[in-house]
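**Student:** One structure, pasted below without further comment.
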Amino acid sequence: MLSERLIEIYELLFERFGAQHWWPGETEFEIIVGAILTQNTNWDNVEKAIGNLKSANLLSPERLHNTKVLELAELIRPAGYFNIKAKRLKNFLDWLFDNYDGDLGELEAVDTEQLREELLSVKGIGRETADSILLYALNRGVFVVDAYTARVAFRHMLIEPDADYERLRELFESNLPEDVQLFNEYHALLVRVGKEFCKPKARCTGCPLEELPRTVDIEDF
Ligand code: SF4
């Protein structure tokens, strides 16, 4: 049974790695900014960029919305692709101010599917970023998928190897109880095992999932 296997994987990972305490951030808005900045870079760089925004006292929707895009780009330079990411942050803020008066609290009344669609319509916000915002900032029961998720799922034959983002999301969402805390921890644990063991070349020996049925033929993720 898929649901039993998914729970078994979760338990093995949790037993080994423990709680991952995701997503680092003091406020909903900081988590959202982090989710947008983390694309194609590592978290240390994101932290530096967020640190710059905090030092400039700009880490609020209103203050950031009133900041010129060039100034914003300079502040988030450590996160890489800073011109593109500054525009993405601005696009998100434009959407928030145009539709919800810049008030994240207003999002609470919006149905998760609708919110997801709206986030995906913001230029530069893709599925992983939208779902990270939904799960980690807004506490919605949405499973975040990334390359690590795909690699583990394919190698453990939980889904067909050409499954796309939505199919992978469905795999987890339809076979696990809808539980924000579980989804939060599960995604973080998959990232951890992906970084430490399930690399492009799998290091199965010593991995918490090494006893489970698997194939490691898939090396292109
Ligand atoms: S490294 Fe091997 S055992 Fe670990 S998750 Fe990847 S395929 Fe599974």
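**Student:** Would you check if there is a residue in segment 129-142 being of a type in the set (A, V, I, L, M), outside any helix (DSSP H, G or I), open to solvent by less than 30 Å² (accessible area, probe 1.4 Å) and under 24 Å from L182 (Cα atoms)?
**Tutor:** yes
**Student:** Touching an Asp or Glu at 6+ places or on another chain (Cβ under 7 Å), within 11 Å of the ligand (Cβ to nearest atom) and of a type outside the set (S, T, N, Q) - does that describe any residue in segment 190-203?
**Tutor:** Yes, segment 190-203 has at least one match.
**Student:** Please determine whether any residue of segment 64-81 is surrounded by fewer than 18 Cβ atoms within 10 Å (Cβ to Cβ), under 20 Å from the mean Cα position of the chain (by Cα) and in a helix (DSSP H, G or I).
**Tutor:** Yes, segment 64-81 has at least one match.
**Student:** State all residues of segment 143-172 that are under 23 Å from P24 (Cα atoms) and open to solvent by 10 Å² or more (accessible area, probe 1.4 Å); if no residue qualifies, say none.
**Tutor:** D146, A147, Y148, R169
**Student:** With respect to D101, is the statement that it is open to solvent by 30 Å² or more (accessible area, probe 1.4 Å), outside the structural domain of K201 (by TED's automatic domain parsing) and without any contact (Cβ under 8 Å) to a residue 40 or more places away in the chain true?
**Tutor:** Taking the combined requirement at face value, the residue satisfies it.
**Student:** Next up: Among (1) open to solvent by 60 Å² or more (accessible area, probe 1.4 Å); (2) within 15 Å of the ligand (Cβ to nearest atom), which single condition is P177 missing?
**Tutor:** (2)
**Student:** Still on this structure: If E185 meets every condition in (1) within 13 Å of the ligand (Cβ to nearest atom); (2) of a type in the set (D, E); (3) touching a residue at least 12 places away in the same chain (Cβ under 8 Å) apart from one, which number is that one?
**Tutor:** Evaluating E185 over (1) within 13 Å of the ligand (Cβ to nearest atom); (2) of a type in the set (D, E); (3) touching a residue at least 12 places away in the same chain (Cβ under 8 Å) leaves (1) as the failure.
**Student:** Looking at (1) on the phi < 0 side of the Ramachandran plot; (2) surrounded by fewer than 16 Cβ atoms within 10 Å (Cβ to Cβ), which is the one condition that is false for L182?
**Tutor:** (2)
**Student:** Continuing with the same structure: Are there any pairs, at least 6 apart or on different chains, whose C-beta atoms fall under 7 Å, with the first in segment 200-213 and open to solvent by 100 Å² or more (accessible area, probe 1.4 Å) and the second of a type outside the set (K, R) and near the ligand (Cβ under 6 Å from one of its atoms), and if so, which?
**Tutor:** R203/F197
**Student:** Just to be sure I understand, how many residues within segment 111-128 are part of a loop (DSSP other than H, G, I, E, B), surrounded by fewer than 16 Cβ atoms within 10 Å (Cβ to Cβ) and over 13 Å from the mean Cα position of the chain (by Cα)?
**Tutor:** Residues meeting the conditions: 4.
**Student:** Here's a follow-up. Within segment 47-64, which residues are in contact with a Lys or Arg (Cβ under 8 Å, 6 or more places away or on another chain) and closer than 14 Å to I32 by Cα?
**Tutor:** Passing the criteria: only A49.
The values are calculated or read from the model by the stated rules, or taken from the named source; none is laboratory data. Note that the coordinates shown come from a computational prediction; the quantities given were computed from them, not determined experimentally. Note that each Cβ is placed from the backbone with ideal geometry, even for glycine, and that neighbours are counted across all protein chains shown. Keep in mind that these areas ignore ligands, DNA and RNA; they rest on the heavy atoms of the full protein, side chains included. Shrake-Rupley method; radii C 1.70, N 1.55, O 1.52, S 1.80 Å.
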